[in-house]
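Written out below as structure tokens is the structure these notes cover.
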Amino acid sequence: MTCIEAEPHVSAVCDGEPIPAEAAEHISTCAACRATLAEYAQIGMELRVTAAMESETLPRLELPQRRRAFDFLWHRVRVPRFALAALIAAVVAAGASVPFVRAQQRPLWFQFGYTLDPDGPISHYFVAKPGFDRTVGSMMLVSGALRSTALRIRVESASNDDVVLRFRAVPGDVEPTADGGTMRAPHELPLNDAPAVHYKPGQQLAIPIEGGGAVYLKGDVYEQQPKIAFGVPLEPPSDQLVVRGAALISEGQVLTEFSGGGATAEPGMAVFLAAGNHGKFLFALAPFPGSVQGQIEWGQMTFTVAGRPFHLVAAAPLASGEQPRPVWVRYDPKPVEGASIGKVRLGE
């Protein structure tokens, strides 16, 4: 070992740290390294002596006497004690009230939809917070007649048991066509002097259309923003079967798929899925004549008909509640024209 290699170990000896045996042997036999070791020892001694001398001239360190947290209440202050106590109480009360105020100010979400058919399903869903203001149009067949409306709705406020709305509905601007009609996009409707209406979440509200008829609105309030896909909520109501963006598969073959379409079935209704040469399927959440039981697990449905397994995969949950849950399916293998999805009333 050379002096250069042993140099780091010289200071380690001064610090009382262990060093390798090879380094110790070199330092003990090398005059240069021993001289360096003696210089380090001398420097250390002089530093200790200097520190001892300076410590005698330093002022005595006096630590402040520890006081109890509220001792200041019993010493002379520039304000009356009752005023100071009142101030402390106000600060404590204000601090305790902050979480309560924040909880009260948390915004709620109002998810609502509407229909022109009083006995039909709610559709055209929206998710809104106070300040929501929109004019929308709708056209549908109701009891064989084509109806349309332009609806403006404003959400003034929302709480768990009360939503304040302002709205106005007028007949839609429909251009007749060979197969019915086409509705022009509505312009923003003036609300004029529309009064504020208090709506109780979960109930159906009839909004009169100027000139006759009504729009039927229904909604609920949520603490977190609900999600919507294909115009309907991602979390279906417990009594509804919702099929959106579905693909039907059997034995590794895709029979049909609807990437952008969907249908919703309420109690007494069924979703139908027409698969061209592969026939037609009916799905419902309750047993009906000719149906067999299958199983839903969130966005998937499995069932077997005449020994043939089927697998339906959807873009969103098919039903809410405990999963898996039963579903009933009826299959008609007779070929149909084209592929389509929709709903029908059971028994028709």
Neighbour-count ranking for Ser291, Ser143 (other C-beta within 10 angstrom, fewest to most) reads Ser143, Ser291
Multiply the residue separation of Thr302 and Val127 by 0.36 nm, subtract the distance between their alpha-carbon atoms, and state the gained length in nm to one decimal.
59.8 nm
Calculated from backbone phi, Karplus (6.51, -1.76, 1.60) coupling profile of region 195-211 in Hz, x at Gly/Pro
x, 6, 10, 8, 10, 8, x, x, 8, 9, 10, 8, 9, x, 8, 4, x
Cβ density ranking, 10 Å radius, fewest first, applied to Lys280, Lys227 yields Lys227, Lys280
Sorted by chain and number, the residues with a modelled amide H under 5 Å from that of Glu235, at a separation of 5 or more or across chains, are Lys227
Built amide H within the under 5 Å cut-off of Tyr125, gap 5+
none
Expressed in Å to one decimal, the Kirkwood Rh of region 296-348 from all distinct alpha-carbon pairs is 13.1 Å
Spin-label pair Asp117/Ile19, simplified geometry with 7 Å Cα→Cβ offset, distance in nm:
9.7 nm
Any number yet on Rg/Rh for region 197-348, C-alpha, Kirkwood?
1.02
Would you mind computing, in nm to one decimal, how far apart the modelled labels at Thr2 and Ala35 are, each placed 7 Å from Cα along Cα→Cβ?
1.9 nm
Determine, from the Cβ-Cβ distance of Lys227 and Lys334 and an R0 of 41 Å, the FRET efficiency 1/(1 + (r/R0)^6), rounded to the nearest 0.05.
0.65
Can you compute the FRET efficiency between Glu322 and Val344 using 1/(1 + (r/R0)^6), with r the Cβ-Cβ distance and R0 = 35 Å? Round to the nearest 0.05.
0.85
Give me the one-decimal nm value for the distance between modelled label points at Ser157 and Met183, 7 Å along each residue's Cα-to-Cβ direction.
3.2 nm
Long-range Cα-Cα pairs in region 109-226 (distance over 17 Å), rounded percent
55 percent
Built amide H within the under 5 Å cut-off of Gly172, gap 5+
Ser148, Thr149, Ala150
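Throughout, read-outs are computed from the coordinates displayed, never taken from laboratory work. All figures in this text were calculated on a predicted structure; none of them were measured in a lab. With ideal geometry, Cβ positions are generated from the backbone for all residues, glycine too; neighbour counts draw on all protein chains shown.
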